[in-house]
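A short write-up of the structure that comes next.
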Amino acid sequence: DAKTTQPNSMESNEEEPVHLPCNHSTISGTDYIHWYRQLPSQGPEYVIHGLTSNVNNRMASLAIAEDRKSSTLILHRATLRDAAVYYCILPGGATNKLIFGTGTLLAVQP
Amino acid sequence: GAGVSQSPRYKVAKRGQDVALRCDPISGHVSLFWYQQALGQGPEFLTYFQNEAQLDKSGLPSDRFFAERPEGSVSTLKIQRTQQEDSAVYLCASSLTGLGRTEAFFGQGTRLTVV
């Protein structure tokens with residue numbers, strides 16, 4: 001299973017953009033890149049996923065490097081509700097199961 | 001319901017007791033996953049079902065853990081002779097198809113405390 005590397009923690013100010021990086025240098029050509037987040041005392045929540053092209057949805061944008069060895073989750077305007085642990089995951093194995101690492105703990109300051 | 005539902009939300013068990021945790025996935029979702037999350041850690045994969053078939057149980061920590069999904073919808077995770085190290089939040093997730101192309105939806109989890 002391809003592994004991902006993320007910073008342990010990041011800080012942002014409210015209403016500013018946040019760029020959360022993820023390295024996945026061993027990604028294969030068919031691996032999708034998924035992002036989930038987990039708010040305190042809740043189950044993980046899907047944020048976005050992509051394969052090769054950049055992706056946008058109502059929650060965030062996903063920028064994928066041309067060589068696919070890294071990606072960046074972009075929150076365009078951070079709010080206090082965005083404070084969570086963000087996980088970058090490459091579903092792997094025959095079952096495409098999600099293997100969670102330690103993620104990035106995002107703190108948002110008012 | 002619109003989402004993945006888990007019950008009970010909280011369970012306190014005496015050491016040695018058997019417990020059963022229930023997961024109601026989103027209707028029509030083929031894939032179902034169970035995860036265990038210890039305090040301060042990321043979720044750890046336990047097992048995977050595709051419809052009623054348990055295709056991957058590589059994450060089950062011991063033979064005290066057993067999961068089933070007999071009709072391809074509701075799933076139950078059973079833990080026999082619970083021990084203190086089983087204390088964790090147990091999360092269930094479902095997805096429409098294989099996870100590469102589609103997202104997973106998680107329930108709120110069941111917090112198990114073994115005393």
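Laboratory data are not the source of any read-out in this text; all were calculated from the coordinates shown. For clarity, every value in this text was computed on a predicted model and none was experimentally measured. Positions of Cβ are backbone-derived with ideal geometry, glycine not excepted, and every protein chain shown enters the neighbour counts.
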(Q) Compute and list, largest first, the equivalent-ellipsoid semi-axes of chain A from the alpha carbon gyration tensor, each √(5λ) rounded to a whole angstrom. (A) 23, 15, 12
**Q.** Pairs of lysine residues in the protein assembly as shown - Cα separation under 25 Å, sequence separation of 8 or more or cross-chain
**A.** 10
Q: Report, by chain and number, residues whose modeled amide H sits under 5 Å from the one on B:SER5, excluding near sequence neighbours (fewer than 5 apart, same chain).
A: B:ASP24
Q: Specify the inter-centroid distance of region A:22-59 and region B:63-92, based on alpha-carbon positions, in whole Å.
A: 27
Q. At A:ARG58 and B:ALA53, where each label point lies 7 Å from the Cα along Cα→Cβ, what is the point-to-point distance in nanometres?
A. 3.6
Q | Shielding by partners, peptide B:41-50 (average Cβ within 10 angstrom, other chains) | A | 4
Q. In whole percent, what relative contact order does chain A give with Cα contacts below 8 Å and a gap of six or more residues?
A. 36
Q | Calculated from backbone phi, Karplus (6.51, -1.76, 1.60) coupling profile of region B:60-71 in Hz, x at Gly/Pro | A | 5, x, 7, 6, 7, 9, 9, 10, 8, 8, x, 10
Q: Can you tell me how much longer the chain between A:GLN109 and A:LEU39 gets when fully stretched, taken as 0.36 nm per residue apart minus their C-alpha distance, in nm with one decimal?
A: 23.6 nm
(Q) Under 18 Å from a point placed 7 Å out from the Cα of A:ALA65 along the Cα-to-Cβ direction: which residues of region A:1-39 have their backbone N that close? (A) A:2-8, A:19-35
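Can I get the semi-axes of region B:8-64's equivalent ellipsoid? Compute them from the C-alpha gyration tensor as square roots of 5 times the eigenvalues, in angstrom, largest first.
Details: eigenvalues 92, 43, 35 Å².
Each semi-axis is √(5λ); the values are 21, 15, 13 Å.
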Q. Gain in length, B:PHE66 to B:ARG22, computed as 0.36 nm per residue apart minus the alpha-carbon separation, to one decimal in nm?
A. 14.6 nm
Q | Integer Hz, Karplus 6.51/-1.76/1.60 couplings in order for region A:67-72, x for Gly and Pro | A | 7, 6, 8, 8, 8, 9
Q | Candidates B:ARG15, B:ARG69, B:ARG101, ranked by Gaussian network fluctuation over chain B, Cα under 10 Å, top entry | A | B:ARG101
Q | D_trans [Stokes-Einstein, Kirkwood Rh over alpha-carbon pairs] for chain B, 37 °C, 0.692 mPa s, µm² s⁻¹ | A | 235
(Q) Whole-Hz ³J(HN,Hα) for each residue in region A:4-13, computed from phi via Karplus 6.51 cos²θ - 1.76 cosθ + 1.60 with θ = phi - 60°, x for glycine and proline: what do you get? (A) 10, 10, 10, x, 5, 8, 8, 10, 9, 9
Q. Which loop-located GluC sites (Glu not before Pro) does region A:13-110 contain, where loop means any DSSP state but H, G, I, E or B and the Cβ has at most 15 other Cβ atoms within 10 Å?
A. A:GLU14, A:GLU15, A:GLU66
